[in-house]
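This report concerns only the one structure given below.
The values are calculated or read from the model by the stated rules, or taken from the named source; none is laboratory data. From a predicted model like this one, the values you see are computed outputs, not experimental measurements. Please note: Cβ atoms are built from the backbone with ideal geometry, for glycine as well, and neighbour counts cover all protein chains shown. Each accessible area value is taken on the protein alone, full model and side chains, heavy atoms only, with ligands, DNA and RNA left out. Shrake-Rupley method; radii C 1.70, N 1.55, O 1.52, S 1.80 Å.
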Amino acid sequence: QVQLVESGGGLVQPGGSLRLSCAASGSTFSINTMGWFRQAPGKEREFVAAIRWSGVSTKYADSVKGRFTTSRDNAKNTVYLQMNSLKAEDTAVYYCAADKTWGQVTMTPGGYDYWGQGTQVTVSS
């Protein structure tokens with residue numbers, strides 16, 4: 001089992017920045033990929049970014065490329081989502097997720113096995 005605890009959300013002005021953290025515990029050796037998703041009210045959960053637990057491979061949704069960066073600190077079993085140049089449309093609850101299935105990085109929520117509790121990000125003047 002893997003437990004995920006995320007933090008770092010809050011209120012930020014358009015153009016501002018936030019960094020989200022997701023700390024993993026439990027059977028972290030089984031993790032293949034850590035993903036970030038977001039969900040706004042009335043909308044489906046959508047893929048944001050992902051990083052392999054080992055290695056340097058990353059993947060980003062087109063909507064966040066060049067603005068968001070995901071990274072990993074293995075010593076802390078933590079992944080980060082650095083969000084820059086935030087826009088109002090980035091407002092959502094952000095979730096981190098862990099995929100224990102070996103192989104390719106997946107961009108679908110159903111491909112992930114464990115989820116954090118979510119943290120609210122609000123971009124507003």
Report, by residue number, each residue of the stretch 44-70 that is part of a loop (DSSP other than H, G, I, E, B) and open to solvent by 70 Å² or more (accessible area, probe 1.4 Å).
-> E44, R45, S54, V56, D62, K65, G66
Considering each residue of the stretch 26-46, count those that are of a type outside the set (D, E), out of contact with any strand residue (DSSP E or B) (no Cβ under 7 Å at 6 or more places or on another chain) and closer than 18 Å to T119 by Cα, and give that number.
-> 3
If you take the residues of the stretch 102-125 that are exposed (fewer than 13 other Cβ atoms within 10 Å of the Cβ) and touching a residue at least 40 places away in the same chain (Cβ under 8 Å), which of them is nearest to S25 (Cα to Cα)?
-> Q117
Looking at A88, A75, A23, which one is farther than 30 Å from S125 by Cβ, of a type in the set (A, V, I, L, M, F, W, C) and in contact with a strand residue (DSSP E or B) (Cβ under 6 Å, 6 or more places away or on another chain)?
-> A23
Unique residue being within 20 Å of G26 (Cβ to Cβ) and touching a Pro at 6+ places or on another chain (Cβ under 8 Å) when the list is A97, A88 = A97
Tally of residues being of a type in the set (F, W, Y), part of a strand (DSSP E or B) and over 14 Å from R38 (Cα atoms) across the stretch 81-118 = 1
Go over the candidates P41, P14 one by one and state the one that is in contact (Cβ under 8 Å) with a residue 40 or more places away in the chain, out of contact with any Phe, Trp or Tyr (no Cβ under 7 Å at 6 or more places or on another chain), assigned to a loop (DSSP other than H, G, I, E, B) and surrounded by fewer than 17 Cβ atoms within 10 Å (Cβ to Cβ).
-> P14
Mind checking which residues of the stretch 52-83 are free of Cβ contacts under 8 Å to residues at least 40 places away in the same chain and among the aliphatic types (A, V, I, L, M)?
-> V56, V64, A75
